[in-house]
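Undergrad: Mind looking over this structure? Questions follow.
The values are calculated or read from the model by the stated rules, or taken from the named source; none is laboratory data. Treat the numbers as computed from the prediction; the structure is a model and nothing was measured. Glycine gets a Cβ as well: all are built from the backbone with ideal geometry, and neighbour counts include every protein chain shown.
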Amino acid sequence: MRVLAVDPGEKRLGLAISDPSGAIARPLTVIEHYSRQVDAATIAQLAAENQAEVIVVGQSLDEHGKPTRRGRSAARLAAAIRVQSNLTVELWDEEGSTQAARQARIALGVGREKRSGHLDELAATVILQSYLDAKRDSSEEAEGNHE
């Protein structure tokens, strides 16, 4: 099952897509933010073009697990995507995704000058891989309980 993930930002939205088995995330693209409705329509179209069955929208939460201002904006984007698409749309905690994307660039040996660019698609990839790993882990636990 393919999953599309969105890292919503104020200027750009990073998108990532899983492989057909839903195990591995990879960067897909970055789209410029226009308006919630336009962004939602573009995301729904890209999900359809890539045969995604689920769309995951990264949501920032505070230390109490409540959505931050940006997290509430992500929830409104997810609601707009639901209007544009009949796919399942889920919110997923994006904690640390940008920092993890930055660390990945460092680990890959990307020079300091090139690291300063936007990390949107890499952050979306981190969000998606976190989601895929959690879903795999929970399904393995469920299978283990039935043995």
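Undergrad: Within the stretch 15-49, track down each residue that is within 19 Å of residue 1 (Cα to Cα), surrounded by fewer than 17 Cβ atoms within 10 Å (Cβ to Cβ) and within 15 Å of the chain's Cα centre (by Cα).
TA: The first filter runs over the stretch 15-49 and keeps only residues within 19 Å of residue 1 (Cα to Cα), leaving 15-28, 43-49.
Now narrow it down to the ones that are surrounded by fewer than 17 Cβ atoms within 10 Å (Cβ to Cβ): 19-21, 23-24, 26, 45, 48-49.
The answer is 19, 23, 24, 26.
Undergrad: Still on this model: Got a number for residues in the stretch 1-14 being surrounded by fewer than 18 Cβ atoms within 10 Å (Cβ to Cβ), of a type outside the set (Asp, Glu) and outside any strand (DSSP E or B)?
TA: So the answer is 2.
Undergrad: Please find, among 52, 47, 78, the residue that is among the hydrophobic types (A, V, I, L, M, F, W, C), free of Cβ contacts under 8 Å to residues at least 24 places away in the same chain and closer than 19 Å to residue 30 by Cβ. Talk me through it step by step, then tell me what you get.
TA: Values: 52 fails: free of Cβ contacts under 8 Å to residues at least 24 places away in the same chain; 47 fails: free of Cβ contacts under 8 Å to residues at least 24 places away in the same chain.
Checking each option against the conditions leaves just 78.
Undergrad: Inside the stretch 52-147, counting only helices (runs of 4 or more DSSP H) that do not spill past its ends, which hold 2 or more residues that are modelled with pLDDT under 90, closer than 16 Å to residue 5 by Cα and touching a helix residue (DSSP H, G or I) at 6+ places or on another chain (Cβ under 6 Å)? Don't jump to the end; show me each part of the working.
TA: Working: elements: 69-84, 97-107, 112-115, 120-145.
Hits in the stretch 52-147: 97-107, 120-145.
Undergrad: Then there is this: When both residues are 6+ apart or on different chains and their Cβ atoms are under 8 Å apart, which pairs have a first residue that lies in the stretch 1-25 and is closer than 19 Å to residue 87 by Cα, and a second that is part of a loop (DSSP other than H, G, I, E, B) and among the small types (Gly, Ala, Ser)?
TA: These pairs meet every condition: 1/21; 1/22; 2/22; 3/22.
Undergrad: Give just the number: which of (1) in a loop (DSSP other than H, G, I, E, B); (2) modelled with pLDDT of 95 or more does residue 39 not satisfy?
TA: Unmet condition: (1).
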